[in-house]
Amino acid sequence: MPPLLRDALPFLVLAVAPVVATLAGADWLVPVFTRMVVFALAAMALDFILGVGGMVSLGHAAFFAVGGYVVGIGSQHVAESTPTPFGLPGWDDLLISLPLAFTVGVLIALPFGWVSLRTRGAYFIMITLALAQMVYYGLVGLTSYGGDDGISMWWGRNTVAGAALPNRLALHFLCLGLLVAAFVVLKRLCAAPFGRVLDGARQNEARMRALGYRPLPYQIGAFALSGGIVAVAGALMANVDEFVSPGMGHWTISGELLVIVILGGIGSLSGAVWGAVVLLGLEEGLKEITEHWPILLGPLLVVIVLFARGGLTGLLDRLGSRRTQGGDDAGGA
Amino acid sequence: MLLFLEQLLNGVQLSVTLLLMASGLTLVFGIMNLLNLAHGSLFMVGAYVAAWTTGVSGSWLLGLVAGAAAAFVTGIVIELVVMRRLYARDHLDQVLATFGLILFFNELVRLLWGIRPMRLDVPEALGGFVEIVPGAPYPLYRLAVIAAGAAVMLALAWLVQGTRVGMRIRAGSVDREMIGALGVDIGRLYTLVFALGALLAGLAGVLAGPFLAIQSGMGEPILILAFVVVVIGGIGSLKGAVAGSLLVGITDTLGRVYLPKITDAGPALSSMLIFLVMAVVLAVFPTGLYGRKS
Amino acid sequence: MPMKSAAAAAAAAALLLATAAAAQAADPVKVGMVTTLSTGAGYLGDHVRKGFELALEQAGVADRVTLLVEDDGLDPGTATQLTERMVERDGVKIMTGAIFSNVAMATIPKLVRNYDILYVSPNAGPAPLAGKGCHPRYFNTAYQNDNFAEVMGKYANEQNLKRVYLMAPNYQAGKDSIGGFKRFFKGEVVGEVYTKLNQTDYAAEIAELRAANPDAVYFFYPGGMGINFMKQFAQAGLADKVVALGPAFSFDDTLLDAVGDAAIGFFNGSQWSPDLDVAANKTFVDGYKAKFSEYPTLYAAQGYDTAQAIVAALQKTDWSTADMDALAAAMKQADFPSVRGEFAFGNNNHPIQDIYVREVFKDDTGNVTNRIATKGFDNHVDAYAAECEMK
């Protein structure tokens, strides 16, 4: 499959499927696709530091949850007409809550990245997990925001520039738009000197230093950017579910994001979208077959690892190059 | 003071369970370079089979043997079917595949034994108390767990340090190609190491069974703690696993008891404490206390 | 069908024919149940479903109600999706099933405000939904979360237990339960300990508890946490020295199976007990044991009453769900033979009912189960009813 089609196809699926569902009178299916978009966005941000920068974070759920709480806390204060802790009024408009989620995500990710990047390999995985667990328990301790129960936004989701979103499709395409924007920006960054330094450091950190680069500021910067984007995804998730809870920051969410990235194929960015569509789609589909669906999904994941190296995008690339007899060199990126 | 000693003992007892888990994890990680998330599933298999066997036969000892044996056999099977194909892969592929195994095993026990939690009681012979110091009776079973764990670890140390197989294992952890060149059957050696780790995990599951609710997913919380131990100690180091598990077990126990007495935020702080310890240890020693410098 | 109930069935059939001949031709009413069937707590939803189905069967209306069941996996996001799907895709007008407070808070307030439906909670009873957040379309047939804690506080006073030690996981439901206990308890609290959520080993906390030397311990540990705590409490040899009190959530028959003899002699607060001397309860308990070959839990009893309440309301509206206000009004009358005896809905649509103190004992078949020790409250009204603006 040519790389352009490989990259575009999952976006097309996510654009067309909910429209078809709505036209067919199955409006209730739209949130299923919106969830895919939101998870794809978070996974793509993870893939950016993982595939390009070689940083395997098992703590990205922390940023997801923080982004969700930016939305939940702001809208709780609006609904209850109480001032926020710093005396500011609450907020319940996406034009405020999304940039705010991004900023808070970046501000938390900066020190996390700085501490974590003292280590490498499996130690990096575990220290990001540790930091995320601290955020998780911190959120459980937020008793004025529901503690473990979280915040139920029964008063409704955020507005956009003061206007309520008319329906589910509107929210879906807003999320999809942000996903496409993130894809374009991150793709550009990969090709820019910023991305090259990251990629170089992943392959051979000593050589990058010898060339006169200090990779660490780049790596911390990439980690922070990734954290900010995941926080935006969390803010969108809060608007899809109209609910936030510490559960968004549980380590299993970090694990799920990793699984999506690996399943889709690391380093390609569009792999994250493939991974989200296929994993959440499989869950949804297998549930229809049996209530014991994990007993099918588990071995399926094992088989995919064993027989589809490089994840789904890797598989598609190989399929394409075999059919075209190597006429298309998919390894360009 | 008396109470403090008792709490220390409780900390050591938690450490022993963690050590049994962590030693297998760190061996597999250090020697085969395999990041095995499904290690907690072996803990669960041990506990389930022991509870079921004890329930059917009425013999706790038989349950102990059956639980450990089941984990051992499960270890051999998943090594032969899945794990050996993963040694050459990077950690990410291992994460995805062993995550798949977790899903499978958690659902399998639910299919086999239902969603009700199972029960494993303390063996009758160990149901009593010991007054280590007058006025503070300590459960005999918990002391027995400490003793059993220590004995198993000594046996493991002897196996690794004092036997031919152990020599090969140690050689394998230093230089994989070399021992292959020396004519050692690496495949068999790896299967053995993996199954040994599985056996220890299963044993931990059985010994901890009487303190726990035996239910699907019980392996994951302890897996996270065991990983913390491995990483604090340094990957591949048994000495590190001992130090790490004592540090985690005692810190966790004392933190839970004493932090809430100092501050109102104590309960939340004590939940974070071991992760805080890990972050600090890694910030100072980026490859753990006894880890090899990269 | 057994011979002896044939006459009753014939009478019921005649009644049905006489009163509902027109409605007979109509489609069955759909009831949606999104409940917790997987995870370690999956048996709670399973029992609610079994109780619900048994009630339909015993009332002879199994063909008048179509029960749609889905598993929320204890995940609020999944629960929201599945409930909205049932309402929109399947046109369900009556929803039930919430087991856990966090799932209830995520789904119920939105559902009853966004859709023209009735929600009946068979278990979860979080404070906000009983107080300021009460709603005319939301009913709770189980309890308000604090009830079982309150009765134990009162019981501790009555038993002259002066020094009590309190323990719960460090989360909202744990703090609410401790709060409920303290609302009625007049003695001295010698320790108030919040442990990690889903902690498994309580050795350290139990050592502190023994050192404090209280008359009694009140603990709120539902599910797996309860199994661990009770086993370890007994293993530490404290069962003879310290009176153990708790809410019924730690003492259902499934948990007692897993704990075994270690729980004998513990006291717990509940609105229902298998030995409650009410005719409807005998029908329920006997029917449940015969059909499912296991002892019923309070969750099964609540599922049973939820079905009875819904069926009673539907019978008043001739099985019509067209006029939701009429259905809600019919519901509010609570005109059904509850397994708990007297049962009424208060101004906030939560139960006004008696609350009992139960004792764990071994029955003559060797099964560890509950029996009533004493009645704690008569027609108890929950603490949040006054905050509800409904009349």
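Looking at the range A:1-139 from every direction and averaging, what is the projected area of its Cα convex hull in nm²?
Convex hull of Cα atoms, orientation-averaged projection: 11.7 nm².
Per-residue mean of other chain beta-carbon atoms within 10 angstrom of the beta-carbon, peptide C:36-49?
Partner-chain Cβ atoms within 10 Å, mean over residues of C:36-49: 3.
List the relative contact order of the range A:202-294 as a percent without decimals, with contacts defined as Cα pairs under 8 Å and 6+ residues apart.
Dividing the mean separation by the residue count of the range A:202-294 yields 11 percent.
For C:S121, enumerate residues with amide H under 5 Å from its amide H, sequence gap 5+ or separate chain, H modeled in the peptide plane.
C:F139, C:N140, C:T141
Dipole magnitude of chain B about its Cα centre, charges +1 at Lys/Arg Cβ and -1 at Asp/Glu Cβ only, in debye to the nearest 20?
480
What residues have an amide H closer than 5 Å to that of C:R358, excluding those fewer than 5 places away on the same chain, when H is modeled at 1.01 Å from N in the peptide plane?
C:N268, C:G269, C:S270, C:A373
Based on other C-beta atoms within 10 Å, arrange C:K391, C:K241 from fewest to most. If you can, show how the numbers build up before the last one.
Numbers: C:K391 5, C:K241 11.
So the residues, fewest neighbours to most, are C:K391, C:K241.
For a quick check: with amide H placed at 1.01 Å from N, whose amide H comes under 5 Å from C:T66's, ignoring anything fewer than 5 positions away on the same chain?
Here the answer is C:V29, C:K30, C:V31, since their amide H atoms fall under 5 Å of that of C:T66.
Could you tell me whether the protein assembly as shown comes out rounded, prolate or oblate from its Cα gyration tensor? Rule is a ≥ b ≥ c as square roots of the eigenvalues, rounded for a/c under 1.5, then prolate if a/b exceeds b/c, otherwise oblate.
It is oblate, given that a/c is not under 1.5 and a/b is not larger than b/c.
Would you mind checking C:K196/C:K375; C:K30/C:K332; C:K93/C:K282 for any pair whose Cα atoms are more than 28 angstrom apart?
C:K196/C:K375; C:K93/C:K282
Count neighbours as other Cβ atoms within 10 Å of each site's Cβ, and list the trypsin sites (Lys or Arg not before Pro) in the range B:212-294 that are DSSP loop with at most 15 such neighbours.
Answer by residue number: B:R292, B:K293.
What shape does the range A:1-46 have by the C-alpha gyration tensor, where a ≥ b ≥ c are the square roots of the eigenvalues, rounded means a/c under 1.5, and otherwise prolate means a/b greater than b/c and oblate the rest?
Values: a/c = 4.92, a/b = 1.44, b/c = 3.42.
Taking the square roots of the gyration eigenvalues as a ≥ b ≥ c, the range A:1-46 is oblate.
With only Lys, Arg, Asp and Glu charged, each at its Cβ (+1 for the first two, -1 for the last two), find how big the charge dipole of the range A:196-260 is about the Cα centre; round to the nearest 20 debye. Mind dumping the intermediate values first?
On the way: 5 positive and 5 negative charges, 120 e Å.
It works out to roughly 580 debye.
Charges on Cβ only, +1 for Lys and Arg, -1 for Asp and Glu, centred on the Cα centroid of the range C:257-391; of C:Y299, C:A329, C:G287, which one is farthest towards the dipole's positive end?
Farthest towards the positive end: C:G287.
What are the chymotrypsin sites (Phe, Trp or Tyr not before Pro) within the range A:96-160 that DSSP puts in a loop, where the Cβ has at most 16 other Cβ atoms within 10 Å?
Listed in order of number, the matching sites are A:W155.
Relative contact order for chain C: what percent, with Cα pairs under 8 Å and sequence separation of 6 or more?
18
Can you compute 3J(HN,Hα) from phi for each residue in the range C:230-243, using the Karplus curve 6.51 cos²θ - 1.76 cosθ + 1.60 with θ = phi - 60°, rounded to whole Hz and x for Gly and Pro?
5, 4, 6, 4, 5, 4, 7, x, 8, 4, 7, 9, 10, 6
Rounded to the nearest 500, what is the protein assembly as shown's calculated 222 nm mean residue ellipticity when only DSSP H runs of at least 4 contribute -39500 (n - 2.57) each, over all residues? Mind dumping the intermediate values first?
Details: 37 runs with 607 residues, N = 1018.
After summing the helix terms and dividing by the residues of the protein assembly as shown, the value is -20000 deg cm²/dmol.
Past 28 Å, Cα to Cα, is the threshold; run A:K287/C:K50; C:K241/C:K362; C:K186/C:K391; C:K154/C:K291 against it and keep the listed order.
Flagged as over cut-off: C:K186/C:K391; C:K154/C:K291.
Along the charge dipole of chain A, Cβ charges K/R +1 and D/E -1, which of A:G281, A:S152, A:I266 sits furthest on the positive end?
Towards the positive end, the residue furthest out is A:I266.
Magnitude of the Cβ-charge dipole of the range B:158-294, K/R +1 and D/E -1, about the Cα centre, nearest 20 debye?
Dipole of the range B:158-294, to the nearest 20 debye: 380 debye.
Which shape class, rounded, prolate or oblate, goes with the range C:27-160 when its Cα gyration tensor gives a ≥ b ≥ c as root eigenvalues, a/c under 1.5 marks rounded, and past that a/b bigger than b/c marks prolate? All intermediate terms of the calculation are to be shown ahead of the outcome.
On the way: a/c = 1.80, a/b = 1.47, b/c = 1.22.
Taking the square roots of the gyration eigenvalues as a ≥ b ≥ c, the range C:27-160 is prolate.
In percent, what relative contact order does chain A have, based on Cα pairs under 8 Å that are 6 or more apart in sequence?
Worked out over chain A, it gives 34 percent.
Output the lone cysteines of the protein assembly as shown: those with no second cysteine's C-beta under 4.7 Å from their C-beta.
By the Cβ distance rule, which asks for a partner under 4.7 Å, the isolated cysteines are A:C175, A:C190.
In whole Hz and in residue order, list the ³J(HN,Hα) couplings for the range C:186-203 that follow from phi through the Karplus curve 6.51 cos²θ - 1.76 cosθ + 1.60, θ = phi - 60°; x for Gly and Pro.
Result, rounded to whole Hz: 10, x, 9, 8, 8, x, 9, 10, 10, 9, 4, 4, 6, 5, 10, 10, 10, 4.
Ordered by residue, what ³J(HN,Hα) values in Hz, to whole numbers, does the range C:384-389 give under the Karplus form 6.51 cos²θ - 1.76 cosθ + 1.60, where θ = phi - 60° and Gly and Pro are x?
Here the 3J(HN,Hα) series is 9, 4, 5, 7, 7, 7 Hz.
Laboratory data are not the source of any read-out in this text; all were calculated from the coordinates shown. Everything numeric here is computed off the predicted structure, so don't read it as measured data. Cβ atoms come from the backbone with ideal geometry, glycine included; neighbour counts cover every protein chain shown.
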